[in-house]
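Structure first, commentary second.
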Amino acid sequence: MFSYVYGVLSRFFSAPADLIVTLIVMLLVPLTLVAIIPVIIGWVDRKYGARIQSRWGPTYVGPFGILQNVADVIKLIGKRVITTNVDRLSYSFVPIALTAASFLIVVLIPWGAPGLYILDIPYNLLFIYVLMAVSPLLILLAGWSENNKYSIIGGFRGATQIATYELTLIITILSVAMLSGSYNISDIVASQKHLWYVVYLPITFLMFVVAGYAVIERDPFDIPEATQELLAGWKIEYSGLRYGMFLLSDYIKMFALSMLTVYLFFGGWNGPLLPAFAWFWIKTIIAMMILLTPRWVYPRLRIDQLVKFGWNWMLPLSILNLLVVGAVLLV
Amino acid sequence: MENRKGVILNIGPVHPATHGVLRLIADLEGDTIENIKVDIGFLHRGKEKLAEMRYFSNYYPIVDKLDYVSALQMEILFGSVVEKAAGITLPPRAVYIRMIMAEIQRIMSHLVFIGSFGMDVGNYTGFIWAFREREELMTIVESVSGGRLAPMYICNGGTFYDLPENFNQALTPVLDDIEKKINKDYRALFNDNNIFVMRTKGVGVINKSTVIENGITGPNMRAAGIKRDLRRDEPYLAYESMDFEIPTEESGDSYSRFIIRIKEIIESIKIIRQALKNIPTGPYKTSVPWLLKIPEKQTFVRQEVSKGEMAMYMVTNGGLTPYRLKIRSPTFFSLKMLEKILKGSKIADIVAVVASLDPVMGEVDR
Amino acid sequence: MNLESEEKNAADEFSYPGLGDVIFMKAEKFIETVLNWGRGWSLWPVTFGTSCCAIEMMTFGATKVDADRMGVLFVGDSPRQSDLILVSGTITKKMARRLINVYEQMPSPKYVVAVGACNISGGLYHDSYNTIAGIDRIMQVDVHIPGCPPRPEQFQDAVKVLRELIQKNKIERYDKRTS
Amino acid sequence: MTSELVEKLKSGLKGNITVISDDGVNDVVVLSDKKLIKSAAELIKGTHDILFMLTIVDRNPNFELNYLFSNYRNKNIIILRVNITQDDYKIDTVSKVFPSADWEEREAYDLFGIEFKGHPDLRRILLPEDWPGHPLRKDFEVTDDVRNWTGLDLKF
């Protein structure tokens, strides 16, 4: 996509300026996406959850309340920040780092058509995995820096939970990579041209979704920030824009998970008749709606149950699954 | 607590899961509770002192706010105390009206329990659904009494108003709807929900000996396997002519306390249906002077309210106000046991166990 | 003569705002309007529910009225992320310090809604020994909701009133600069 | 059954009791001496499970304590009435015999200032530790000073 934009823009600008303009445009695109995606998904989430609960959700701000999250963001920007006895450096660093990670996810992930990247690198699947799973350290750091009992308990819970499920997540990704022989999402999609991987690897798919859920801390795995137990867990002392950054990175991760589900298991943009772009977005929206549902249906697990489940079932099963895939490939 | 290694976590009194203003001071080791202390009294509004300053008829609004999720039962209890002390007999229609309203209120109270229990284990939808069903009943209470949470419907010698016309036609579909939803929607959301069962089964077990030791009554007691219900054992309104079961469970954990309340809603619906069929016609109140004088006497009345056995002990000395009114709140007794049963469990269990006891702080602190 | 010269001097000293000043003032006003619009439509409450009014507050969040429609999101999170404190229920003397504590933890701009008769005048408990007869004694209140307890619709109305006050920039807090 | 208990109390306490009403369900037994409360509670323990409630009536300057015992098997109730006089507001605790009396006695200590000797954890329960006075006593008047006091200076 970079070369395409460069090609278009170099017609209008002369030699040194065209590169700069292209760079600026290429930066602005992901920034806009980072800003817009959470607003839209946040609205969908609220509205969808409200309908499950036979409420209406936001209705007043804009048509169907679609500007509700804009109002929230504006409010968060205008909010003062109070802190007491926090470790300033790490306190400010964590939201920025998490936002940067979600920014990079947006940069690296393909946007629904072959070659529609902001930045194309060969191992983008691995990179996206790393960016989604970078959080345990940051969460622990946030929990510690806030100097609050709730936050430190939440921080330890978050680190434990994500460290447990990261392993399962990478092993499930490995089995997909082994089957397709590549860490590049485009290649994985291309190798699913005839049959989706969800047919080959149904157990892997289920484990991927569960582990992905645990890693992005979405209900019912929102144990580190359990509202009814720890108020906001490791986010407890954050206010204003920094809290907004957390919400933003949560929704970006949620979105990335539903996109990855489609790329890895449901054939990405492959499909008959309709153009690739349309196929991908139809699949992604369906996947996202399904992934948004458990929050409104399931209660929260307890941390010990979650960790036991992770080590006793998920990890051995995923390793076994990997071995089986390897054996089949060898044969 | 001097040589502790862990953290002391202060949960409440302002916390989303403490049902008002309960305060728990937990001594933690990691995520596990080493020791826990209960602190109450954040809603102590001095109701027992206020009783000494109010006329018998003017105390009803304050009684409403004892257990504010089942206000009508509180009114009925205080009405019974005053009527027993003053020797007033109720007309039979008033007895039936009171019983119907008490059972409606019991369903509403249990629905609040289901909702808050659902929310506390992390299921926000359960909360919204329970309040949706409660709102339907609230409309009925509103049409009968004019009030919502604090209806002010019971007065000395009966009720303020008769039941409205079409009461039967309005109530029956609501009851059918609630029964259907409990058997279908709630079953899907709670009983058949694996994570919900995982979170509540075997958590916060109260066995028979703990029950007897602490004087726990009501659904929490019946969940531990003691079959006792004042509606059956010491019938007060018209309960002896009603046909209903007393549900019991054996295990005494949070899950069984939830199941007990689900079953009690079904039994209450049964009682209301029978009462609607048999309700006599006639006057709905006997005329009692607003300023009542009760001779020197000590009166004790206890009734089965939604939280357990609630009792009032009224001492009168011939004046216009009670000389002393002591209120026995059922949850006051069950909260103490939290210190014992929560030891060694996780933080998440605090929330589940506290919610399963269904405390209402207005009644605990009085 | 004296008077005239004074007038003249005053006219000399008065200077019209330059273009830069006007743009700055307009921009400031615009930013303030936008911020106030956002604040008015996104009131996340601390649910300071102590007693009976808390149940009606929960009903306000549930299906019948649905607080979410007007941007009142019951996140139940920490005071740090909230804008509005719904003091719903009697505040006793034991609770007073905790109320102030929670209130002080909220970052400004913050708004206070006092729910119910107890928080206006003491209501039923005006002559009790352990309640505070009206929380105006201890904090500044923006909107009062009457009723014992108020209906959920009254909460909706209070939020509407508060939103209009915010968006017309009519809320003055004496502690605006402190936190 | 309860009248059996009354007989037992009569013999066990060597006749230091007066029985007011004896209708089999609702007995009121008045103890003549407050020192007997512990032995009376031990005798009642056999037939009754819990201290249902403890009502204290301020007969200025004396206090009248009504211990109401109940059980889970039937509807029998026995009320044990003890008077304590103004020379010292102290009485033996029954919380060792009936654990359910624990918080009831703390409440009585809190609101009336009656001290229960031998209670394991006798602190105020409803009011803060540094709350002045015992509000449910008849000589405690709710004056304007009390009403206007916001309680912000309470430490606990």
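Annotations for the structure displayed:
- Residue pairs whose Cβ atoms lie under 6 Å apart, sitting 6 or more positions apart in sequence or on different chains, and linking a residue in segment C:34-47 that is more than 7 Å from every other protein chain (Cβ to nearest Cβ) and within 16 Å of residue C:68 (Cβ to Cβ) to a partner that is at pLDDT 85 or above and in a helix (DSSP H, G or I), are C:40/C:163; C:40/C:166; C:40/C:167.
- Unique match (being modelled with pLDDT of 85 or more, touching a helix residue (DSSP H, G or I) at 6+ places or on another chain (Cβ under 6 Å) and not acidic (Asp, Glu)) among B:228, B:261: B:261
- Which numbered condition residue B:315 fails, given (1) facing another protein chain (nearest Cβ under 9 Å); (2) within 13 Å of the chain's Cα centre (by Cα): (2)
- Residue within segment A:124-140 that is assigned to a helix (DSSP H, G or I) and within 30 Å of residue C:48 (Cβ to Cβ) present: yes
- Subset of segment B:174-227 [in contact (Cβ under 8 Å) with a residue 60 or more places away in the chain, over 22 Å from residue B:352 (Cβ atoms) and away from chain D (no Cβ under 11 Å)]: B:175, B:178, B:179
Here's the yes/no breakdown for (1) assigned to a helix (DSSP H, G or I); (2) farther than 18 Å from residue C:61 by Cα; (3) at pLDDT 90 or above:
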residue: B:85; (1), (2), (3): yes, yes, no
residue: B:117; (1), (2), (3): yes, no, no
residue: B:122; (1), (2), (3): no, no, no
residue: B:126; (1), (2), (3): yes, no, no
residue: B:136; (1), (2), (3): yes, no, no
residue: B:140; (1), (2), (3): yes, yes, no
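- Screening B:282, B:362, B:344 for residues that are part of a loop (DSSP other than H, G, I, E, B), more than 20 Å from residue B:26 (Cα to Cα) and at pLDDT below 90 leaves exactly one candidate, B:282.
- Any hit, segment A:267-275, residues being outside the structural domain of residue A:36 (by TED's automatic domain parsing) and closer than 26 Å to residue A:88 by Cα: no
- Subset of segment B:142-164 that is assigned to a loop (DSSP other than H, G, I, E, B) and under 18 Å from the mean Cα position of the chain (by Cα) - its residue that is farthest from the other protein chains (Cβ to nearest Cβ): B:153
- Any hit, segment B:297-306, residues being of a type outside the set (D, E, K, R), more than 30 Å from residue C:95 (Cα to Cα) and within 13 Å of the chain's Cα centre (by Cα): yes
- Considering segment B:165-188, and only residues there that are within 21 Å of residue B:261 (Cα to Cα) and acidic (Asp, Glu), the residue that is nearest to the chain's Cα centre (by Cα) turns out to be B:179.
- Residue B:273 being of a type outside the set (Phe, Trp, Tyr), modelled with pLDDT of 85 or more and within 19 Å of residue B:108 (Cα to Cα): yes
- Residues being part of a helix (DSSP H, G or I) and either closer than 24 Å to residue B:49 by Cα or facing another protein chain (nearest Cβ under 7 Å) (or both) - total across segment C:128-143: 2
- Single condition residue A:277 does not satisfy, out of (1) part of a helix (DSSP H, G or I); (2) within 14 Å of chain B (Cβ to nearest Cβ); (3) in contact (Cβ under 8 Å) with a residue 40 or more places away in the chain: (2)
Here is a yes/no grid of residues against (1) at negative phi; (2) modelled with pLDDT of 85 or more; (3) crowded, with 18+ Cβ neighbours inside 10 Å:
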| residue | (1), (2), (3) |
| --- | --- |
| C:109 | yes, no, yes |
| C:117 | yes, yes, yes |
| C:120 | yes, yes, yes |
| C:129 | yes, yes, yes |
| C:146 | yes, yes, no |
| C:152 | yes, yes, yes |
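- Reported count of residues in segment B:201-239, each being among the hydroxyl-bearing types (Ser, Thr, Tyr) and within 23 Å of residue B:267 (Cα to Cα), is 3.
- Residue match in segment A:29-45 (condition: at the interface with chain C (Cβ under 7 Å from one of its Cβ atoms) and more than 28 Å from residue C:30 (Cβ to Cβ)): no
- If only residues of segment C:84-107 that are surrounded by 22 or more Cβ atoms within 10 Å (Cβ to Cβ) and within 7 Å of another protein chain (Cβ to nearest Cβ) are counted, the one that is nearest to residue B:133 (Cα to Cα) is C:90.
- Any hit, segment A:81-96, residues being among the charged types (D, E, K, R), within 14 Å of another protein chain (Cβ to nearest Cβ) and not in a loop (DSSP other than H, G, I, E, B): no
Condition check ((1) farther than 28 Å from residue C:134 by Cα; (2) modelled with pLDDT under 85; (3) of a type in the set (A, V, I, L, M, F, W, C); (4) under 15 Å from the mean Cα position of the chain (by Cα)) across all residues:
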{"residue": "D:68", "(1), (2), (3), (4)": "yes, no, yes, yes"}
{"residue": "D:90", "(1), (2), (3), (4)": "yes, yes, no, yes"}
{"residue": "D:106", "(1), (2), (3), (4)": "yes, no, no, yes"}
{"residue": "D:116", "(1), (2), (3), (4)": "yes, no, yes, yes"}
{"residue": "D:132", "(1), (2), (3), (4)": "no, yes, no, no"}
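- Residue satisfying condition, being more than 18 Å from residue B:115 (Cβ to Cβ) and either modelled with pLDDT of 80 or more or outside any helix (DSSP H, G or I) (or both), within set C:8, C:64, C:29: C:29
- Residue match in segment B:315-327 (condition: part of a strand (DSSP E or B), closer than 24 Å to residue B:65 by Cβ and without any contact (Cβ under 8 Å) to a residue 24 or more places away in the chain): yes
- Qualifying residues in segment A:261-274 (those that are touching a Phe, Trp or Tyr at 6+ places or on another chain (Cβ under 8 Å) and part of a helix (DSSP H, G or I)) - the one surrounded by the fewest Cβ atoms within 10 Å (Cβ to Cβ): A:261
- When the residues of segment A:59-70 are filtered to those that are under 24 Å from the mean Cα position of the chain (by Cα) and not in a helix (DSSP H, G or I), the one that is farthest from the other protein chains (Cβ to nearest Cβ) is A:66.
- Selection over segment B:1-37 of residues that are part of a strand (DSSP E or B), at pLDDT below 85 and within 11 Å of chain C (Cβ to nearest Cβ) gives a count of 1.
- Restricting attention to segment A:1-47, the residues being touching a residue at least 60 places away in the same chain (Cβ under 8 Å), in contact with a helix residue (DSSP H, G or I) (Cβ under 6 Å, 6 or more places away or on another chain) and under 30 Å from residue B:188 (Cα atoms) number 3.
- Residue match in segment B:59-68 (condition: closer than 12 Å to residue B:152 by Cβ, modelled with pLDDT of 85 or more and assigned to a loop (DSSP other than H, G, I, E, B)): yes
- In segment A:47-58, of all residues being within 12 Å of chain B (Cβ to nearest Cβ) and of a type in the set (Lys, Arg), the one that is surrounded by the fewest Cβ atoms within 10 Å (Cβ to Cβ) corresponds to A:51.
The values are calculated or read from the model by the stated rules, or taken from the named source; none is laboratory data. Only a predicted model underlies this, so the values are computations on that prediction, with no experimental measurement involved. Because the Cβ atoms are built from the backbone with ideal geometry, glycine has one as well, and the counts that use them run over all protein chains shown.
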